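Everything on this sheet refers to the single structure shown next.
Where a number appears in this text, it was derived from the coordinates with a stated rule and is not lab data. Since we're looking at a predicted model, the values are computed, not measured. Don't worry about glycine lacking a Cβ; one is built from the backbone with ideal geometry, like all the others, and counts go over all protein chains shown.
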Amino acid sequence: MKNIYFLSDAHLGSLAIPHPRMQERRLTNFLDSIKHKAAAVYLLGDIFDFWHEYKTVIPKGYTRLLGKISELTDMGVEVHFFIGNHDLWVDDYFEKECGMTVHRHAETVELLDKVFFLAHGDGLGAGDRKYKILRRLFHNKGCQRLFASLHPRWGMAFGLQWARHSRLKREGGVEPPYLGEDKEELILFSKKYLQTHPEVNFFIFGHRHIELDLMLSRTTRVLILGDWISQFSYAVFDGEHLFLENFVEGESEP
Ligand SMILES: [Mn+2]
């Protein structure tokens, strides 16, 4: 029996993170370490701090990671890429070149007889209004075409600076700590969603950069995946149990 892995929020290429090569190498090593025991890997968003691909051009960098992902998909491991709020400007490169399956919306999937609700997590729940307007612009086809028509010299520079700024405007450049069950948007969302979809066993999200594993009912848990900036955390499902783990290089389990 093979495992299913979930991780998110590496923000590779971030101008606000001081150790980009180490970060990419660690993620690549992790994927290498699980390649023989993985049936599928779910990347739940914000793997890149700013990804924008043009019709015939992709951003520089990330060759180790994309090469490793391609190796996995060539071996028959499914790799699913959920867009986040930093890397939603994905076209067909990840699918055609790297063999990934790209998901642009939250999905409910059945994996080894359990029901998973998977999403990056931005834009779910009440959220703040200003952000929701920005999100609509980001997802708007017309705006996307307009942005793509900018020369990458400006487009990419703008994107990377925007992403850097959105990190650094937070206190200490890190996300706020867990707000508690009655304030955390993704928990509120899950509780509400569960009322009409009691069949969900696991809600798994990224986006918040906190590690959380919370029981919602006897048969339902919600996990928030942490990040690959300082936590190097991932969830692994073996068909029976779902664990939230941290990748330590040199260790071989699980
Ligand atoms: Mn995010």
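Values computed for the structure shown
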read-out	value
Distance between modelled label sites at Gln195 and Glu249, nm, 7 Å Cα→Cβ extension	4.8
Residue exposure sequence - His19, His209 - by fewest surrounding Cβ within 10 Å	His19, His209
Estimated inter-spin distance, Leu146 and Met75, nm [label 7 Å along Cα→Cβ]	4.5
For region 109-237: rounded, prolate or oblate by the Cα gyration tensor [a/c cutoff 1.5]	prolate
Restricting region 207-254 to GluC sites (Glu not before Pro) in coil, as DSSP defines it, with at most 16 other Cβ within 10 Å	Glu240, Glu249, Glu251
Computed [θ] at 222 nm, helices only, for the chain once each DSSP H run of length n ≥ 4 contributes -39500 (n - 2.57)	-9500 deg cm²/dmol
Positive-end residue, the chain charge dipole about Cα centroid, Cβ charges, pick of Gly84, Leu150, Ser33	Leu150
The chain: relative contact order in percent, alpha carbon pairs under 8 Å with at least 6 residues between	24
